[in-house]
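> This structure is in structure tokens; I'll ask about it shortly.
Rule-based calculations on the coordinates, nothing more; no lab input. Since we're looking at a predicted model, the values are computed, not measured. Quick reminder, even Gly has a Cβ in these numbers, built from the backbone with ideal geometry, and neighbours come from all protein chains shown.
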Ligand SMILES: [Zn+2]
């Protein structure tokens, strides 16, 4: 099975096999304790080069698992899922998430406002979180700078 983990892929690319992976607490299949089980070379979409991902073996049910980073946008330290949580949190509560530095969250929010206006226009009736999802569906990165080309 593949176990998604929240890691910094850019650090992983720099450190290679020296990257300190956090071991998942239990086997997702049987709940047993996991052993490290070597590496596997992978080509994540967000990086130009191949990187080593760790594998795990469950000695109880004999299954082999692979760690995989949650999806990331290029040059972003936080995963897409984390950014989505921040935007949803701001939309629903009107405040920033306590888990991440505020300037970063504010920057994402402002960029999303600009990008939404530029790409979706004033006629878009949904919330800012709706435009976040709409922009992703359209293949855009909703929180990068407006001048930046998405497919560059
Ligand atoms: Zn197991």
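> Under 10 Å, Cα contacts only: if you run a Gaussian network model on the chain, which one of 141, 83, 14 comes out with the highest mean-square fluctuation?
Sorting by GNM fluctuation, first place goes to 14.
> Follow-up. Distance from the Cα centre of segment 114-135 to that of segment 1-62, in angstrom?
If we compute the Cα centre of each part, the gap is 36 Å.
> Taking 0.36 nm per residue of sequence separation and subtracting the Cα-Cα distance, how much length would be gained by fully extending the chain between residue 11 and residue 29, in nm to one decimal? All intermediate terms of the calculation are to be shown ahead of the outcome.
On the way: separation 18, 0.36 × 18 = 6.48 nm, distance 2.90 nm.
Contour length minus Cα-Cα distance gives 3.6 nm.
> Another question, then. Set the Förster radius R0 to 30 Å, insert the Cβ-Cβ distance between residue 118 and residue 88 as r into 1/(1 + (r/R0)^6), and round the FRET efficiency to 0.05.
0.90
> Between residue 77 and residue 138, what is the label-to-label distance in nm when each label sits 7 Å out along the Cα-to-Cβ direction?
Going by the 7 Å Cα→Cβ label model, 2.9 nm.
> May I pose another question? Round to the nearest 0.05 the FRET efficiency obtained for residue 3 and residue 104 when R0 = 30 Å and r is the Cβ-Cβ distance. Each step should come with its number before you reach the end.
Numbers: r = 26 Å, r/R0 = 0.87.
For R0 = 30 Å, the calculated efficiency reads 0.70.
> Over every pair of different alpha-carbon atoms in the chain, take the mean of 1/r and invert it; report that Kirkwood radius in Å.
Values: mean 1/r = 0.0574 Å⁻¹.
After inverting the pairwise mean of 1/r, the radius is 17.4 Å.
> Here's a follow-up. Counting only helical runs of four or more DSSP H residues, what would the 222 nm mean residue ellipticity of the chain come to if each run contributes -39,500 (n - 2.57) and the total is spread over all its residues?
Numbers: 4 runs with 49 residues, N = 152.
That calculation yields -10000 deg cm²/dmol at 222 nm.
> Still on this structure: Could you please rank 131, 123, 25, 63, placing first whichever residue has the fewest other Cβ atoms within 10 Å of its Cβ?
Working: 131 21, 123 5, 25 8, 63 16.
The order, fewest Cβ neighbours first, is 123, 25, 63, 131.
> Next up: When the chain is modelled as a GNM with alpha-carbon springs shorter than 10 Å, which of 88, 138, 50 fluctuates the most?
Ranking 88, 138, 50 by mean-square fluctuation puts 138 first.
> Could you line up 58, 30, 119 from fewest to most neighbouring Cβ atoms inside 10 Å? Kindly include the intermediate steps, with their values, before the conclusion.
Values: 58 21, 30 12, 119 16.
If I rank by nearby Cβ atoms, fewest first, I get 30, 119, 58.
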